[in-house]
1. Conditions: (1) modelled with pLDDT of 80 or more; (2) part of a loop (DSSP other than H, G, I, E, B). Residue 11 meets all but one. Number of the miss?
2. Residue check: is residue 36 in contact (Cβ under 8 Å) with a residue 40 or more places away in the chain and more than 15 Å from residue 4 (Cα to Cα)?
3. Which one of these does residue 41 not meet: (1) under 17 Å from the mean Cα position of the chain (by Cα); (2) surrounded by 14 or more Cβ atoms within 10 Å (Cβ to Cβ); (3) under 22 Å from residue 1 (Cβ atoms)?
4. Outside any helix (DSSP H, G or I), out of contact with any Leu (no Cβ under 9 Å at 6 or more places or on another chain), exposed (fewer than 14 other Cβ atoms within 10 Å of the Cβ) and modelled with pLDDT of 95 or more - does that describe any residue in region 44-60?
5. If you take the residues of region 3-27 that are hydrophobic (A, V, I, L, M, F, W, C) and surrounded by fewer than 12 Cβ atoms within 10 Å (Cβ to Cβ), which of them is farthest from residue 91 (Cα to Cα)?
6. Got a number for residues in region 76-92 being surrounded by 13 or more Cβ atoms within 10 Å (Cβ to Cβ), of a type outside the set (Gly, Ala, Ser) and modelled with pLDDT of 95 or more?
7. Which of the residues belonging to region 100-118 are outside any loop (DSSP other than H, G, I, E, B) and touching a Phe, Trp or Tyr at 6+ places or on another chain (Cβ under 7 Å)?
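The values are calculated or read from the model by the stated rules, or taken from the named source; none is laboratory data. Quantities reported herein were computed from a predicted structural model and do not represent experimental measurements. FYI the Cβ positions are ideal-geometry reconstructions off the backbone, even for glycines, and counts take in every protein chain you see.
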Amino acid sequence: MKYLVLLIGDGAEKLWPDQTDAEKQATMAKFGEFASACEARESVELLAGEALSDPRDATVMRSPDGGVQLTDGPYAEVIEGMGGFYLIEAPDLDVLVDLLTVLPRYDIQIHPTIDVMT
């Protein structure tokens, strides 16, 4: 099954711009450990993953009445910005949760995907 993993917030006790070079290296090492853990786990494939820019860089697109409206900034109901995402194929949620514990501290939202192409 494929899962979309949303990393909510910055993931560290200190925001990225406030971290020292050593703290940034330690944070990035955690992401490397996570990628290695996924690669080492049978039946797990890390399909995509990226860090996201500041939430203020976001654009919300709405389509009321068939038109398009663009608004600067994050979706109004989002309390904290998303720090990044992963798209991961894993045999089940338990395996995925075990792997996600390697990442830096984040609030994490996990969504199973639906294959609409079959």
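1. Failed condition: (1).
2. Answer is no for this residue.
3. The failed condition is (1).
4. yes
5. 22
6. Within region 76-92, residues that are surrounded by 13 or more Cβ atoms within 10 Å (Cβ to Cβ), of a type outside the set (Gly, Ala, Ser) and modelled with pLDDT of 95 or more number 4.
7. 110, 111, 112
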